[in-house]
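Quick notes on the structure that follows.
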Amino acid sequence: MRRETLGALFAIVGMFIYGLEPVVIKSNPSNPISFAAFSALVASLLLWVKLIVSGGLEEIRENPRNLKGAFFMGLFGTALAYLAYSFGVRMSTAINAALITRSEVLFSFFLSWLFLGERITRRLIGYSTAVLVGLIVVILQGRSMELHLGDFLLLLVPFFWQLGHVIAKRLPYSPPTIAALRNTFGFLLLFPFAIATGLEFSRFVIAEGLVIAVGQLVWYRSIKLINLSKATAIITPAPAVAIGLGVLLGESFTVYHALGFLLITLGTLGAVRVESEIRT
């Protein structure tokens, strides 16, 4: 199977996995920061078991200097991103959080172009725009969006995610090692904040840990094969997966759902067909 096709398939699988995440997070009754810390811990334990069994620890011993980069990946991609999300959503709304964090694809275009030398084509921009418009239609359902102070913090969330992804793409480690290190450092950085805000353990931590572990394995495999900007464009519709599940389980299906899902589907299928390129 061609490298490009395989990378796109991994991104599509990641989209469906991360589409389940809002359902798990919404079900969690515990302190969100404690939930994030323990979820990262569960994910890291699962990933370390995989590394030990498969003999993946050797690449860390061979490349210890890159642990600094892995630390910053955990700092930006997990710790700072989740803190900004947790406090931002408290000062804003769930709708704003869902929409603003989807601006990740825009940060991906800029950071991938700046640091990774990726070529951002007009076709990819056009397809990604269709996806974003589709998400706006599905999430807002004809309502207006009210801006809040927390929206600035929410805007930092996708920026931190993409900084972490840029670092991850440049690390010489395999996807399981990258995911294990990210969650380990993420847990260590979040744990003091969890203690300060109140430690709570929920059974949903196990489910979220599984989503994180499997999702990141698939995601990092994807961005090792194709451009980060393209993979981000493909995974952007993840919130629509959760909304679609709700519709299948009996929630009302409106004209906004129909129009939004059509735009999302066309945009995602178009992004899949765009070839990954590097600027010359």
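The values are calculated or read from the model by the stated rules, or taken from the named source; none is laboratory data. No experiment lies behind these values; they were computed from the predicted model shown. Heads up, the Cβs are rebuilt from the backbone with ideal geometry, glycines too, and the neighbour counts pull from every protein chain shown. Ligands, DNA and RNA are stripped out before the accessible areas are found, and what is left, the full protein with its side chains, is counted by its heavy atoms. Shrake-Rupley method; radii C 1.70, N 1.55, O 1.52, S 1.80 Å.
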Residues of the stretch 233-280 being of a type in the set (A, V, I, L, M) and in contact with a Gly (Cβ under 6 Å, 6 or more places away or on another chain), which ones?
Ile235, Ala238, Val241, Ala242, Leu263, Ile264, Ile278
Of Ile243, Ile178, Ile234, Ile223, the only residue that is in contact (Cβ under 8 Å) with a residue 60 or more places away in the chain, over 21 Å from Ser128 (Cβ atoms) and surrounded by 19 or more Cβ atoms within 10 Å (Cβ to Cβ) is Ile178
Please go through (1) of a type outside the set (Val, Ile, Thr); (2) open to solvent by 40 Å² or more (accessible area, probe 1.4 Å); (3) in a helix (DSSP H, G or I) for His148 and return the number of the only condition it doesn't satisfy.
(3)
Quick one: which residue in Phe187, Phe201 is assigned to a helix (DSSP H, G or I) and in contact (Cβ under 8 Å) with a residue 24 or more places away in the chain?
Phe187
Ile195 is checked against (1) touching a helix residue (DSSP H, G or I) at 6+ places or on another chain (Cβ under 8 Å); (2) open to solvent by 50 Å² or more (accessible area, probe 1.4 Å) and fails just one. What number does that condition carry?
(1)
Unmet requirement for Ser112, which otherwise passes all of (1) touching a strand residue (DSSP E or B) at 6+ places or on another chain (Cβ under 6 Å); (2) open to solvent by 10 Å² or more (accessible area, probe 1.4 Å):
(2)
Any chance you could count how many residues in the stretch 115-126 are open to solvent by 20 Å² or more (accessible area, probe 1.4 Å) and assigned to a helix (DSSP H, G or I)?
5
Restricting attention to the stretch 85-97, the residues that are open to solvent by 30 Å² or more (accessible area, probe 1.4 Å) and closer than 12 Å to Ile25 by Cβ number exactly 3
Residue identified as farther than 25 Å from Gln162 by Cα and either surrounded by fewer than 17 Cβ atoms within 10 Å (Cβ to Cβ) or polar (S, T, N, Q) (or both) among Phe253, Phe204:
Phe253
Of the residues in the stretch 1-54 that are open to solvent by 50 Å² or more (accessible area, probe 1.4 Å) and in a loop (DSSP other than H, G, I, E, B), the one that is nearest to Leu217 (Cα to Cα) is Leu20
All positions within the stretch 67-81 that are more than 23 Å from Ala233 (Cβ to Cβ) and either open to solvent by 50 Å² or more (accessible area, probe 1.4 Å) or within 14 Å of the chain's Cα centre (by Cα) (or both):
Leu67, Lys68, Phe71, Phe72, Gly74, Ala79, Leu80
